[in-house]
Amino acid sequence: MAEPKENVLMEKIVSLCKRRGFIYQSSEIYGGINGFWDYGPLGAELKRNVKELWWNTMTRLRDDVVGLEATIIMAPAIWKASGHVDTFSDPMIDCKTCKGRFRADQTDEIACPQKPSKCVNECHGEKTAPRAFNLMFQTYVGPLQDDSAVAYLRPETAQAIFAQFKNVLETSRQKVPFGIAQVGKAFRNEVTPRNFTFRSREFEQMELEFFIKPDEVIEAISGSVATVPDPGHPGEPQPNWGWQAWHQYWVEERVAFYERIGLSRHTLGFHVQTPEELAHYARATTDILFKFPFSKRDGQGELKGEELEGIAARSDFDLSQHQRCSGKPMGVFDDELRTAWGKLPKEKQDDLWRRYCENRKKYLTKTGVTDEAATKQATEDANGLAKGQYIPHVIEPSAGVDRLILALLTNAYSDATKTDEKGKVETTVVLKFHPRVAPIKVGVMPLLKNKPELVTKAHEVRDLLRPWMNVFYDDGGSIGRRYARQDEAGTPFCLTIDFDTLGEKPELLNTVTLRHRDDGRQERLAIGDLLTWLLPKIR
RNA sequence: GCGAGCGUAGCUCAGUCUGGUAGAGCGUCACGUUGCCAACGUGAAUGUCGAGGGUUCGAAUCCCUUCGCUCGCUCCA
């Protein structure tokens, strides 16, 4: 395989991250630990900005989403209900002869790589016994380390949202449709961490669970479910939206978010999961991808991209599971539904009742409930619908923070080599972050540091801006070198305090040079106008 | 976890084959200088050559183990 220049780009990014203090390897002085990464001074600011923007966009700027911050260790039963205890532990078999690794439950289906005419369990390769690969980190709660004390570090933040659904519903004065958002750490004991921070064992997620009414309920209340328009943003949420409209709405909302922080649509990719790829409970999943240098290529040689976020329509699976496993009701009561139901013609009632019942039964049967018990429970659930009760469905936009950070770094990276008059070749690096995510918003520098009046004035400008944004003060070296340092950190603006600031040209008294990172352009701004100029650009 | 490659200063890398006790460029720091894009001068710091063990009079260099990184199998946010 040709050594692609993409790998060279990745290497440049990794070394820049270390050199400038974005990302370090965890525990480096002890030799490091595989799959764990620390954020340095610039990385911590960048990450904080990204999480704050997400939080503000998803919760504070909306009426219909509230926040949650749950613990990392939860009752282990949650992970039984969610399916993680079972599905995260595929028994695997290794073949010592052909070096292949196979799922133990598929050895009679997969062809042997060396003898494709035979399947794996018929070939003569020397195979290991099946070994469990549980991807959840285990620990013990309390001093006794026995089986009853086993607990897990959460492999996703989502389940806490489902587990606290009723509490939030009852204390937030929200009604379906509404969402619960959470940002936090999650842990997966990945078989092979890869691609810098892209697949880590400890990572951070930004997840929204947006609860909606089942289509049958929409139909009962609004007469019919809105048809989904052509691709694109479907506009302001409407009462007659079913899961498809809501799913499309969230995909477009999320893309708009990425665009607002500098990832234009052409840097993103989309993957609509095929029916075979979908989890059995999912109605649809659209992945938003970013074209990383290490991404695989499609038939035309175009980068396909790697997943930043998945937006899944998960039906009522999660709440149903927790209702079934905890024995606590997870349904909601909807007065509007009860009233509307009473006014429906008998045929319509019967039709909706039958469809809701069928969907409930389909779910219950798939979880292993006997046909008889499933019929009984589904009938009860459908009778509840007629009284205004249902289990909400959910749309889940789930994003990886660290992956997004890596995407922003990759997207921002730009370098150029130039030769000076002495023939010396140097490489200049500019990180073209969108000002909203840039770790340092503005560099403040006196033109010369041996002129105390310049330094004093520069300190004043720094102190003026500091309460509002992350400011970096620098008086070391030539002005060009200081600009270059800020370019490498991705600082969008630099302010230089010069003799005109002090009134050498009286008409320029109390103005500073504002220098733009991406093109070096300069303009003159009054110190008194700085905040009104800067704030809209960084928020 | 399996297979392949790699690991020398903050970064990029030379030195490893042919053992003799560690170097370059860039960066960093201090002082001087400085009139808008990595200017210059002087001075300084930094490595138990990824870690541990072995062979040897002597190991960055040869051998073993281990940790980490990259790539493939597998998995996902």
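Taking strands (runs of 3 or more DSSP E) that fall entirely within the range A:401-509, which contain at least 1 residues that are among the hydroxyl-bearing types (S, T, Y)?
Values: elements: A:413-419, A:425-431, A:442-446, A:471-473, A:493-497.
It comes to A:413-419, A:425-431, A:471-473, A:493-497.
Does A:K51 count as part of a helix (DSSP H, G or I), modelled with pLDDT of 95 or more and over 25 Å from A:R485 (Cβ atoms)?
Details: part of a helix (DSSP H, G or I): yes; modelled with pLDDT of 95 or more: yes; over 25 Å from A:R485 (Cβ atoms): yes.
Taking the combined requirement at face value, the residue satisfies it.
Go over the candidates A:L278, A:L308 one by one and state the one that is open to solvent by less than 20 Å² (accessible area, probe 1.4 Å) and either in contact with a His (Cβ under 7 Å, 6 or more places away or on another chain) or within 13 Å of RNA strand B (Cβ to nearest atom) (or both).
On the way: A:L278 fails: open to solvent by less than 20 Å² (accessible area, probe 1.4 Å).
Sole residue among the options that is open to solvent by less than 20 Å² (accessible area, probe 1.4 Å) and either in contact with a His (Cβ under 7 Å, 6 or more places away or on another chain) or within 13 Å of RNA strand B (Cβ to nearest atom) (or both): A:L308.
Would you check if A:V430 is in contact (Cβ under 8 Å) with a residue 60 or more places away in the chain, open to solvent by less than 50 Å² (accessible area, probe 1.4 Å), within 11 Å of RNA strand B (Cβ to nearest atom) and within 36 Å of the chain's Cα centre (by Cα)?
Answer is yes for this residue.
Condition first: open to solvent by 60 Å² or more (accessible area, probe 1.4 Å) and either touching a helix residue (DSSP H, G or I) at 6+ places or on another chain (Cβ under 6 Å) or closer than 15 Å to A:N195 by Cα (or both). Now tell me which residues in the range A:21-32 satisfy that. Step through it out loud before you land on a result.
So the first thing to find is which residues in the range A:21-32 are open to solvent by 60 Å² or more (accessible area, probe 1.4 Å), and the list is A:24-25, A:28-31.
Once the filter is applied, which keeps residues that are open to solvent by 60 Å² or more (accessible area, probe 1.4 Å) and either touching a helix residue (DSSP H, G or I) at 6+ places or on another chain (Cβ under 6 Å) or closer than 15 Å to A:N195 by Cα (or both), the range A:21-32 yields A:Y24, A:Q25.
Where in the range A:138-207 are there strands (runs of 3 or more DSSP E), lying wholly inside it, with at least 1 residues that are more than 13 Å from RNA strand B (Cβ to nearest atom), within 15 Å of the chain's Cα centre (by Cα) and in contact (Cβ under 8 Å) with a residue 60 or more places away in the chain?
Working: elements: A:138-140, A:150-152, A:178-187.
The qualifying strands (runs of 3 or more DSSP E) are A:178-187.
Please go through the range A:377-395 and give me each residue that is within 34 Å of the chain's Cα centre (by Cα) and open to solvent by 30 Å² or more (accessible area, probe 1.4 Å), ordered by number.
A:Q389
Could you grab me the full set of residues in the range A:478-498 that are of a type in the set (G, A, S), near RNA strand B (Cβ under 7 Å from one of its atoms) and farther than 11 Å from A:P446 by Cα?
Within the range A:478-498, the subset of a type in the set (G, A, S) is A:478, A:480, A:484, A:489-490.
Pick out the ones that are also near RNA strand B (Cβ under 7 Å from one of its atoms) and you get A:478, A:480, A:484.
Answer for the range A:478-498, where residues must be of a type in the set (G, A, S), near RNA strand B (Cβ under 7 Å from one of its atoms) and farther than 11 Å from A:P446 by Cα: A:G480, A:A484.
If a residue must be open to solvent by 10 Å² or more (accessible area, probe 1.4 Å), touching a Gly at 6+ places or on another chain (Cβ under 9 Å) and more than 10 Å from RNA strand B (Cβ to nearest atom), how many such residues does the range A:282-294 contain?
The number of residues fulfilling the criteria is 2.
Quick one: in the range A:324-353, which of the residues that are out of contact with any Ser or Thr (no Cβ under 8 Å at 6 or more places or on another chain) and of a type in the set (A, V, I, L, M) is nearest to A:I391 (Cα to Cα)?
So the first thing to find is which residues in the range A:324-353 are out of contact with any Ser or Thr (no Cβ under 8 Å at 6 or more places or on another chain), and the list is A:325-329, A:331-353.
Within this subset, residues satisfying the condition of being of a type in the set (A, V, I, L, M) are A:332, A:337, A:340, A:344, A:352.
Details: A:V332: 6, A:L337: 13, A:A340: 17, A:L344: 21, A:L352: 15 Å.
Checking each candidate, the answer is A:V332.
For the condition outside any loop (DSSP other than H, G, I, E, B), of a type in the set (S, T, N, Q) and in the same structural domain as A:D215 (by TED's automatic domain parsing), what is the one hit in A:T274, A:T286? Talk me through it step by step, then tell me what you get.
Details: A:T274 fails: outside any loop (DSSP other than H, G, I, E, B).
Going through A:T274, A:T286 in turn, the sole match is A:T286.
For A:S398, all conditions in the list (1) away from RNA strand B (no atom under 16 Å from the Cβ); (2) open to solvent by 20 Å² or more (accessible area, probe 1.4 Å); (3) in contact with a Gly (Cβ under 9 Å, 6 or more places away or on another chain) hold save one; what is the number of the exception?
Only one criterion in (1) away from RNA strand B (no atom under 16 Å from the Cβ); (2) open to solvent by 20 Å² or more (accessible area, probe 1.4 Å); (3) in contact with a Gly (Cβ under 9 Å, 6 or more places away or on another chain) is unmet by A:S398, namely (1).
The values are calculated or read from the model by the stated rules, or taken from the named source; none is laboratory data. Owing to the predicted nature of the structure, the values given are computational and were not obtained by experimental measurement. All Cβ positions, glycine included, derive from the backbone under ideal geometry; neighbour counts span all protein chains shown. Just so you know, the surface numbers come from the protein's heavy atoms only, side chains and all, with ligands and any DNA or RNA stripped out. Shrake-Rupley method; radii C 1.70, N 1.55, O 1.52, S 1.80 Å.
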